[in-house]
1. List the cysteines of the chain that have no other Cys Cβ closer than 4.7 Å: which are they?
2. Give a residue-ordered list of calculated ³J(HN,Hα) values for the stretch 63-79 (Karplus: 6.51 cos²θ - 1.76 cosθ + 1.60, θ = phi - 60°; whole Hz; x for Gly, Pro).
3. Which FRET efficiency value, to the nearest 0.05, do you get for TYR108 and CYS50 by plugging their Cβ-Cβ distance into 1/(1 + (r/R0)^6) with R0 = 30 Å?
4. Are there chymotrypsin sites (Phe, Trp or Tyr not before Pro) in the stretch 54-93 that DSSP marks as loop and that have at most 10 other Cβ atoms within 10 Å, and which are they?
5. In the chain, once you exclude exposed GluC sites (Glu not before Pro) (DSSP loop, at most 15 other Cβ within 10 angstrom), what's the longest stretch remaining?
6. So, counting K/R as plus one and D/E as minus one, what does the shell of residues with Cβ under 14 Å around LEU149 add up to?
7. Can you find, among THR117, LEU18, MET65, the residue farthest towards the positive end of the dipole of the chain? Put +1 on the C-beta of Lys and Arg, -1 on that of Asp and Glu.
8. Could you compute the FRET efficiency for ASP13 and ASP63, with r as their C-beta to C-beta distance and R0 at 35 Å, rounded to 0.05?
Amino acid sequence: MNITAIYGSPRKDGNTDLLLNAFLKEFENPDHIISRFYLRKMSISPCIECEKCYTTGTCVLDDDMKALYPKFKNSDIVVLSSPVFFYGLNALAKAMVDRSQCCWSQKYLLNQKHSETKPKGVFLTVGGSKGKRNFEGIILTVRYFFDALDIDFTNQLLVKEIDQKGAIKNHPTALDDACNLAKELLRS
Ligand SMILES: Cc1cc2nc3c(=O)[nH]c(=O)nc-3n(C[C@H](O)[C@H](O)[C@H](O)COP(=O)(O)O)c2cc1C
C-alpha cells in the first residue's frame, strides 16, 4: 500500500508525532511505501482567497503544497496527525487544509473526478484538556477536508488529557490503540 503520513505538529517528537509513528510501525515492511511529510519543515502559505482555482482547479501559489496534491489522489491511506489548538487544528495543519480549496473546486465546482479508488483517511489527535466538546471542532474540519479530497474518512483516534511533550508514552492505551488501528486497516 502507499501511505501518505502528514505530521501536523510544530513540536518535533511531540505526542502526535509519537502517535503517528506508532501507527506507521505496522506498515514498515517491503509491502508498503510510506511517504512522510513534516509540515513544520515545509513552506505552505495560507490560502490567499484569490478564487483562481474556482475556474482552473489549480492553486496559483508555488510552494511545498505541490508535493502533497498528487499524494492526496494516489495514496491508499492518507493519515494526518495534529494536536488540538484552541479547539481546532494547529496553524500548520490548518494552512494545509485551507490550501485544499483547489481540490474542493475540482470536486464541487468543476465536477472533476479525483481518482478511481478513494484513499482511506485516518486522523490522529491529542489534546491536553478533558473537556467533553474538545474534539468537536477539529473533527468537523477534518471531515470536510477529507471530503474535499474525496478521501473516505474511515478512522480517527482522539486522545485527551495529554499535554507535556512525550507524555503520551505514559498513556495506558494510546500507542497500542494507534498500532491496533493500523492492524485493522491492514485486515480490511
Ligand atoms: C496554542 C495551543 C493551544 C492549545 N489548545 C488546546 C485546546 O484547545 N484543547 C486541548 O485539549 N489542548 C490544547 N492544547 C494542548 C495540546 O493539544 C497538547 O499539549 C498536545 O499534547 C500537543 O501535541 P504535540 O506534542 O503533538 O504538539 C493547546 C496547546 C497550545 C500550544
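1. Result for the chain is CYS47, CYS50, CYS103, CYS179, no neighbouring Cys Cβ within the cutoff.
2. Listing the rounded values in order: 8, 5, 4, 4, 6, 8, 3, x, 5, 4, 8, 10, 10, 8, 9, 10, 10 Hz.
3. Efficiency for this residue pair is about 0.95.
4. In loop regions of the stretch 54-93 (DSSP not H, G, I, E or B), the sparsely surrounded chymotrypsin sites (Phe, Trp or Tyr not before Pro) are PHE86.
5. 52-115
6. +3
7. LEU18
8. That gives a FRET efficiency of 0.90.
Coordinate-derived values only; no laboratory data. The shown structure was predicted, so the numbers you read here are calculated from the model rather than taken from an experiment. Don't worry about glycine lacking a Cβ; one is built from the backbone with ideal geometry, like all the others, and counts go over all protein chains shown.
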